[in-house]
Amino acid sequence: MADQNEMVPVGKIVGTHGIKGLLKVFSYSGNIQSLQSAETVFLRAKDGTLLEYAIKSVSAHTGGFILGLDDFSDINQVLSLSGSELCLKLSQLPIPDEGEYYWRDLIGLTVRTDQGTELGTLVDIFETGSSDIYVVRGSSKEYLIPAIADVIALVDIPGKTMIITPLDGLLDL
């Protein structure tokens, strides 16, 4: 069985598709390539149980993709999988390009300004279409930091630090 710490959530099963055991998946990243190149996927049930399944098919679909798993050919076999989180092993994912990071590596970083002011901890990330937004929670305030080159000056994963150059008024919101 795989170690929970090496699991990377890539989507969530939001329902079934048709009557032949296919699953409708909301994608966390919008990137289908890593799933298409994987032979197996892990489903994490609501109770935390992690089970591995062989992938039969993956295709793009509005807001995510349609997933077919080996040994499932009927809607009644997959109804109980709805709500499960879809995970891949870290080793199944491509190595990010220079300047790109997996969200799991960014969550928990300490965020400081280029002037040395500590803002807090990066606690969440959400997509807006044009760029991601980093949610940084300090002791008394929460900041929404756009993940753009003009703002993110340095990401130091081993040092667990992110340095930002705030745009005028960014920290006043």
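Asp97 is checked against (1) touching a strand residue (DSSP E or B) at 6+ places or on another chain (Cβ under 7 Å); (2) among the acidic types (Asp, Glu); (3) not assigned by TED's automatic domain parsing to the domain that holds Ile13 and fails just one. What number does that condition carry?
Only one criterion is unmet by Asp97, namely (1).
Taking the stretch 125-138 as the region of interest, how many residues are closer than 16 Å to Gly108 by Cβ and at pLDDT 90 or above?
5
Of everything in the stretch 16-34 that's surrounded by 14 or more Cβ atoms within 10 Å (Cβ to Cβ) and within 15 Å of Leu81 (Cβ to Cβ), which residue is modelled with the lowest pLDDT?
Once the filter is applied, the top-ranked residue is Phe26.
Looking at (1) surrounded by 14 or more Cβ atoms within 10 Å (Cβ to Cβ); (2) within 20 Å of the chain's Cα centre (by Cα); (3) in the same structural domain as Gly138 (by TED's automatic domain parsing), which is the only condition Gly108 fails?
Single failed check for Gly108: (1).
Counting just the residues of the stretch 83-93 that are modelled with pLDDT of 85 or more and outside any loop (DSSP other than H, G, I, E, B), which one comes out farthest from Ser34 (Cα to Cα)? Spell out the reasoning first.
Quick first cut of the stretch 83-93, residues modelled with pLDDT of 85 or more only: 83-89.
With outside any loop (DSSP other than H, G, I, E, B) added as a condition, the list becomes 85-89.
Numbers: Glu85: 16, Leu86: 12, Cys87: 11, Leu88: 9, Lys89: 11 Å.
If we take residues in the stretch 83-93 being modelled with pLDDT of 85 or more and outside any loop (DSSP other than H, G, I, E, B), then Glu85 is farthest from Ser34 (Cα to Cα).
I'd like to check something: does the stretch 143-164 contain any residue that is among the hydroxyl-bearing types (Ser, Thr, Tyr) and in a loop (DSSP other than H, G, I, E, B)? Talk me through it step by step, then tell me what you get.
Step one: of the stretch 143-164, the residues among the hydroxyl-bearing types (Ser, Thr, Tyr) are 143, 161.
Pick out the ones that are also in a loop (DSSP other than H, G, I, E, B) and you get none.
No: zero hits.
Assess whether Arg137 counts as being in contact with a strand residue (DSSP E or B) (Cβ under 9 Å, 6 or more places away or on another chain), within 21 Å of Pro9 (Cα to Cα) and surrounded by 11 or more Cβ atoms within 10 Å (Cβ to Cβ).
No; evaluated as a whole, the condition is false for this residue.
Here is a list: Ser34, Ser80. Which entry is hydroxyl-bearing (Ser, Thr, Tyr), over 23 Å from Asp105 (Cβ atoms) and assigned to a helix (DSSP H, G or I)? Give the steps one after another, and end with the answer.
On the way: Ser34 fails: over 23 Å from Asp105 (Cβ atoms).
Residue meeting the stated conditions: Ser80.
So which residues in the stretch 54-77 are buried (at least 16 other Cβ atoms within 10 Å of the Cβ), assigned to a strand (DSSP E or B) and over 20 Å from the mean Cα position of the chain (by Cα), if there are any at all?
Selection gives Gly68, Leu69.
Which of the residues belonging to the stretch 94-112 are among the aliphatic types (A, V, I, L, M) and modelled with pLDDT of 80 or more?
Residues satisfying the conditions are Leu106, Ile107, Leu109, Val111.
Of the conditions (1) assigned by TED's automatic domain parsing to the domain that holds Ile13; (2) crowded, with 16+ Cβ neighbours inside 10 Å, Gly120 fails just one. Which one is it?
Every listed condition holds for Gly120 apart from (1).
The values are calculated or read from the model by the stated rules, or taken from the named source; none is laboratory data. Please read these numbers as outputs of a predicted model, since none were measured by experiment. All Cβ positions, glycine included, derive from the backbone under ideal geometry; neighbour counts span all protein chains shown.
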